[in-house]
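The values are calculated or read from the model by the stated rules, or taken from the named source; none is laboratory data. These numbers come from a predicted model, not from an experiment. Using ideal geometry, Cβ is built from the backbone for each residue, glycine included, and neighbour counts are taken over all protein chains shown.
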Amino acid sequence: MNNGEQKIEEPATAEENRIRFHQLVKRMADTMRSEGVKARSSRTSQGGPNTRPLKEFEQQVMAAALALAGQGELAEITARVNQKHTGDSAVFFTLSRLEGEGFISSEWIRPTETEKGKLLFKVTEEGESVLAAVELAEKQRELSMQTMTISLPAPLKEFVDNQTGSGGYSSASEYICELIREMRSVRKPGSETI
């Protein structure tokens, strides 16, 4: 650059953008896996078990991987989780963190002359134990559920019905419970808890 001239960069090609995107995704996945390794190390450093409560999305991802019995690729796992239009990236990053924690393992199957390469995800024994504990806790919670009848004006009932169908909820009760949980989680410290 001379006399204040600025260098003009050529626009990136589609292939260059694709490569950059995949490099960014790999770095993010490596970071998530590393965070998982740290979390596992923290839990087990004092001789404790490698266990923790799972978030709902983590549970869905692990259940999908478990159902595919070690033969699940990212697209297949995402399709099973995809109740609320989840993207591959969210599932991949979750799998990466869970792999770092020891709840998921992955295996790269090299391409052959007749088949392309595959990255398969499998739930480990530790992962199965954590998932089973979460499912048991949910069943116990469901057994202790109470029934409440509510009345809604027609427009609100129609809204709830639409949200239930389009949001991937199995029932209006599940949708209402999710709304109440969200409201409970945003309550300010010091306010009355439910």
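Values as computed for the structure displayed
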{"item": "Selected residue [of a type outside the set (Lys, Arg), over 28 Å from residue 177 (Cβ atoms) and either surrounded by 14 or more Cβ atoms within 10 Å (Cβ to Cβ) or touching a Gly at 6+ places or on another chain (Cβ under 9 Å) (or both)] from 48, 100", "result": "100"}
{"item": "Candidate set from the range 7-46 (those that are in a loop (DSSP other than H, G, I, E, B) and at pLDDT below 85); member that is farthest from residue 77 (Cα to Cα)", "result": "7"}
{"item": "Single condition residue 62 does not satisfy, out of (1) touching a strand residue (DSSP E or B) at 6+ places or on another chain (Cβ under 6 Å); (2) over 28 Å from residue 178 (Cβ atoms)", "result": "(2)"}
{"item": "Options 122, 116: the member that is crowded, with 17+ Cβ neighbours inside 10 Å and outside any helix (DSSP H, G or I)", "result": "122"}
{"item": "Residue among 68, 98 that is in the same structural domain as residue 26 (by TED's automatic domain parsing) and closer than 21 Å to residue 29 by Cα", "result": "98"}
{"item": "Qualifying residue in the range 174-188 (condition: closer than 29 Å to residue 38 by Cα and aromatic (Phe, Trp, Tyr))", "result": "no"}
{"item": "Unmet requirement for residue 173, which otherwise passes all of (1) modelled with pLDDT under 80; (2) of a type in the set (S, T, N, Q); (3) in a helix (DSSP H, G or I)", "result": "(1)"}
{"item": "Which listed residue, of 140, 146, is assigned to a helix (DSSP H, G or I), free of Cβ contacts under 8 Å to residues at least 24 places away in the same chain and either closer than 21 Å to residue 177 by Cβ or out of contact with any Phe, Trp or Tyr (no Cβ under 7 Å at 6 or more places or on another chain) (or both)", "result": "140"}
{"item": "Residue pairs meeting the criteria (Cβ under 7 Å; at least 6 apart or on separate chains; first among the aliphatic types (A, V, I, L, M), in the range 89-117; second surrounded by fewer than 13 Cβ atoms within 10 Å (Cβ to Cβ))", "result": "109/117"}
{"item": "Residue match in the range 82-97 (condition: at negative phi, surrounded by 22 or more Cβ atoms within 10 Å (Cβ to Cβ) and outside any helix (DSSP H, G or I))", "result": "no"}
{"item": "Failed item in (1) surrounded by 10 or more Cβ atoms within 10 Å (Cβ to Cβ); (2) among the polar types (S, T, N, Q); (3) farther than 14 Å from residue 53 by Cβ, with residue 144 passing the rest", "result": "(1)"}
{"item": "Set 107, 158: member being outside the structural domain of residue 23 (by TED's automatic domain parsing), out of contact with any helix residue (DSSP H, G or I) (no Cβ under 9 Å at 6 or more places or on another chain) and at pLDDT 85 or above", "result": "158"}
